[in-house]
Amino acid sequence: KPQPIHPEEGRYHFEPADALVAYAQENGLTVNAHTLVWHAQCPDWFFKDGGAQASRDKVLERLRSHIATVAGRYKGKVSSWDVVNEALDDGAGWLRRSKWTETLGDDFIAEAFLAARKADPGAALVYNDYSIESPSKRQKTLDLIQDLRKRGAPIDGVGIQGHWGARS
């Protein structure tokens, strides 16, 4: 997730992820990494330039740099990336209102997938969300896949979160 691994511009905190990937490699496990871009757990600095809102160009450069650095570090060590997480709106809207949509517009998802493919050509690239089993969200997911393909963005799969509760 962006905030824990990239808390400040120019500073990364790779130690926990490095340890996890090393453990997986040492034990013959597959790593499916979560997540390069998310509306939550993303530090505000991505969207700021001094005290003002950063320009589209600056945020886009930061998005690409973040993905190149993180996905590039684990290139060949990760089987798949949840490139973008939970971008679809839960209500009647298309995309969830976020700093990503406010700054970059609807194409931030395609930009993230293009950057991820460039950073790690061998990894499967996944869009991840919850409640995709509901008719409305399922249709939005299908529309998103078509939109990404139209924009030339690579998508290899869809991750469907299951938030389950057990009752005793």
Filter the stretch 1-11 down to residues that are within 28 Å of D106 (Cβ to Cβ) and assigned to a loop (DSSP other than H, G, I, E, B) and give me whichever is farthest from the chain's Cα centre (by Cα).
-> E9
Does G72 fit the bill of being touching a Gly at 6+ places or on another chain (Cβ under 7 Å) and closer than 20 Å to V31 by Cα?
-> no
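Rundown of residues vs (1) crowded, with 18+ Cβ neighbours inside 10 Å; (2) in a loop (DSSP other than H, G, I, E, B); (3) polar (S, T, N, Q); (4) on the phi > 0 side of the Ramachandran plot, yes/no style:
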{"position": "K58", "(1), (2), (3), (4)": "no, no, no, no"}
{"position": "A68", "(1), (2), (3), (4)": "no, no, no, no"}
{"position": "A71", "(1), (2), (3), (4)": "yes, no, no, no"}
{"position": "V84", "(1), (2), (3), (4)": "yes, no, no, no"}
{"position": "G93", "(1), (2), (3), (4)": "no, yes, no, no"}
{"position": "R97", "(1), (2), (3), (4)": "no, yes, no, no"}
{"position": "D106", "(1), (2), (3), (4)": "no, yes, no, no"}
Tally time: how many residues in the stretch 109-159 are touching a helix residue (DSSP H, G or I) at 6+ places or on another chain (Cβ under 8 Å), part of a helix (DSSP H, G or I) and open to solvent by 10 Å² or more (accessible area, probe 1.4 Å)?
-> 5
Enumeration of residues in the stretch 16-50 that are small (G, A, S), surrounded by 11 or more Cβ atoms within 10 Å (Cβ to Cβ) and in a loop (DSSP other than H, G, I, E, B) = A40
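The values are calculated or read from the model by the stated rules, or taken from the named source; none is laboratory data. Quantities reported herein were computed from a predicted structural model and do not represent experimental measurements. Heads up, the Cβs are rebuilt from the backbone with ideal geometry, glycines too, and the neighbour counts pull from every protein chain shown. Keep in mind that these areas ignore ligands, DNA and RNA; they rest on the heavy atoms of the full protein, side chains included. Shrake-Rupley method; radii C 1.70, N 1.55, O 1.52, S 1.80 Å.
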